[in-house]
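**Q** This is the structure I have questions about; it appears just below.
The values are calculated or read from the model by the stated rules, or taken from the named source; none is laboratory data. Quick caveat: nothing in here was measured; it's all calculated off a predicted structure. Positions of Cβ are generated from backbone atoms using ideal geometry, with glycine treated the same way; all protein chains shown enter the neighbour counts. Just so you know, the surface numbers come from the protein's heavy atoms only, side chains and all, with ligands and any DNA or RNA stripped out. Shrake-Rupley method; radii C 1.70, N 1.55, O 1.52, S 1.80 Å.
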Amino acid sequence: MEIIIQPNAETASLIAARVIARVVREKPSAVLGLATGSTPLAMYRELARLHREDGLDFSGVATFNLDEYVGLPPEHPASYHAFMQEHFFRHVNVRPENIHIPDGLAPDIPAFCRSYEEAIRAAGGIDLQVLGIGSDGHIGFNEPSSSLASRTRIKTLTAQTRSDNAANFGSAEKVPIHVITMGVGTIMDARQVLILAFGEKKAEAVAAAVEGPITAMSPASILQMHPVAKCITDEGAAAKLTRTDYYRWVYDRKPGWQKV
Ligand code: F6R
């Protein structure tokens with residue numbers, strides 16, 4: 001895994017946006033896997049700016065979001081459908097028919113999950129998957145103990161995740177218990193993965209994912225097995241890593257052609 005430690009979330013987000021912009025410029029029909037939450041907000045702002053000011057064109061791009069709460073209609077302000085419209089889609093030119101987000105109201109959830117996997121396959125697979133990390137080490141909503149080979153399915157949130165996400169709902173009790181999420185195996189099939197982590201609250205999860213053993217108790221640790229994974233953090237989220245000198249040394253000495 002490539003570890004990129006930045007002074008703050010802003011500079012880290014600019015790098016993430018540049019990685020995505022490069023993928024989209026090299027392959028205008030790129031398939032992007034997208035995340036919600038507070039972490040990618042500045043990255044989406046920068047992508048919107050690149051669209052507005054530099055003409056970054058999303059008209060051929062297809063997107064697949066990681067997850068959605070079961071039981072929330074798309075118009076619910078805390079749904080990930082609403083989040084994506086508000087923070088990304090309404091600012092760029094992704095075609096509505098190319099946008100895919102799990103359907104929290106699907107009447108037959110297993111059938112929906114199979115069709116989501118099939119749609120990703122039919123689109124040619126995900127070229128670049130953006131991830132945040134939960135304070136408990138989850139990616140997507142694959143909570144600790146998730147199968148590292150899992151596919152899109154229903155999952156039950158941990159008490160910690162419901163409390164972490166309480167702000168959007170008013171209280172932890174109001175956060176839905178169930179979600180639909182891409183599986184760890186679905187995420188691992190992406191050709192490139194970008195995991196972002198900001199703030200000291202994520203430091204333990206990042207250290208476990210990057211330097212700990214590969215274990216279902218830290219689902220993000222499976223990214224150690226991914227051939228093209230970048231972990232971009234701010235100083236706070238990097239605080240519990242032990243080899244930061246080496247990671248900074250590597251990043252500062254990248255050959256020009258590898259720089260973003
Ligand atoms: C969101 C997702 C989650 C979040 C994670 C971090 O689509 O899949 O894994 O990335 O819970 O959330 P924030 O960024 O709000 O700290």
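**Q** Most fluctuating residue of Val193, Val70, Val250 in a GNM of the chain with Cα springs under 10 Å: which is it?
**A** Val250
**Q** If you roll a 1.4 angstrom probe over the protein chains with everything in place, what fraction of the accessible area of the stretch 2-129 belongs to carbon and sulfur, to the nearest %? Don't jump to the answer; show the numbers that get you there.
**A** Numbers: 2880 of 5400 Å².
For the stretch 2-129, the apolar C and S fraction of the accessible surface comes to 53 percent.
**Q** Can you list the GluC sites (Glu not before Pro) in the stretch 1-86 that are in a DSSP coil and have 11 or fewer other beta carbons within 10 angstrom?
**A** Numbers: sites: Glu2, Glu10, Glu26, Glu46, Glu53, Glu68, Glu75, Glu86; in loops: Glu75.
Qualifying residues, ordered by number: Glu75.
**Q** For Arg25 and Ser38 in one chain, what is 0.36 nm times their gap in residues minus the Cα-Cα distance, to one decimal in nm? Mind dumping the intermediate values first?
**A** Working: separation 13, 0.36 × 13 = 4.68 nm, distance 2.58 nm.
Gain on extension, Arg25 to Ser38, equals 2.1 nm.
**Q** Still on this structure: Got a number for the accessible area of Ile180? Probe 1.4 Å, square angstrom, nearest 10.
**A** 0 Å²
**Q** Follow-up. Quick check on my link table: of Lys155/Lys201; Lys174/Lys230; Lys27/Lys230, which ones sit more than 30 Å apart, alpha carbon to alpha carbon? Before the final figure, lay out each step's value.
**A** On the way: Lys155/Lys201 23 Å; Lys174/Lys230 34 Å; Lys27/Lys230 19 Å.
In this structure, Lys174/Lys230 exceed 30 Å between Cα atoms.
**Q** Could you name the aspartates and glutamates whose alpha carbon sits less than 14 Å from that of Lys254, not counting residues in the same chain fewer than 8 places away?
**A** Lys254 reaches Glu2.
**Q** Another question about this same structure. Express in Å², to the nearest 10, the accessible area of Asp189 obtained by rolling a 1.4 Å probe over the protein heavy atoms while all chains stay in place.
**A** 100 Å²
**Q** If I stretch the segment between Ala159 and Glu2 completely, what's the gain in nm (0.36 nm per residue apart, minus their alpha carbon distance), one decimal? Walk me through the intermediate numbers first.
**A** Working: separation 157, 0.36 × 157 = 56.52 nm, distance 3.09 nm.
Answer, rounded to one decimal: 53.4 nm.
**Q** Going by Cα centres, the stretch 79-117 and the stretch 147-175 are how many Å apart?
**A** Spelled out, the Cα-based centre of one part sits 18 Å from the other.
**Q** Another question about this same structure. Regarding the chain, what whole-number volume in Å³ per residue does the convex hull of its Cα atoms give? Show your work: numbers first, answer last.
**A** Working: hull volume 30.4 nm³, N = 260.
In the chain, the Cα hull volume divided by residue count equals 117 Å³.
**Q** I've got another one for you. Could you check the spin-label model distance between His178 and Ile214? Points 7 Å from the Cα along Cα→Cβ, value in nm.
**A** About 3.2 nm separates the two model spin labels.
**Q** Let me ask you something else. Hey, what's the chain come to in accessible area per residue, 1.4 Å probe, Å²?
**A** On the way: 11350 Å² over 260 residues.
Normalised by residue count, the accessible surface of the chain is 44 Å².
**Q** With all protein chains present and a 1.4 Å probe, how do Met188, Met84, Met225 order by accessible area, largest first? Each step should come with its number before you reach the end.
**A** Values: Met188 40, Met84 0, Met225 125 Å².
I get Met225, Met188, Met84, largest accessible area first.
**Q** Between Glu97 and Ser145, what is 0.36 nm times their sequence separation minus the Cα-Cα distance? Round to one decimal in nm. Numbers along the way, then the final one.
**A** Values: separation 48, 0.36 × 48 = 17.28 nm, distance 3.44 nm.
That works out to 13.8 nm of additional length.
**Q** If you roll a 1.4 Å probe over the stretch 142-217 with all protein chains in place, what percent of the accessible area is carbon or sulfur?
**A** Details: 1780 of 3290 Å².
C and S fraction of accessible area: 54 percent.
**Q** So which trypsin sites (Lys or Arg not before Pro) in the stretch 207-247 are both in a DSSP loop and have at most 12 other Cβ atoms within 10 Å of their Cβ?
**A** Working: sites: Lys230, Lys240, Arg243; in loops: Lys240, Arg243.
Qualifying residues, ordered by number: Arg243.
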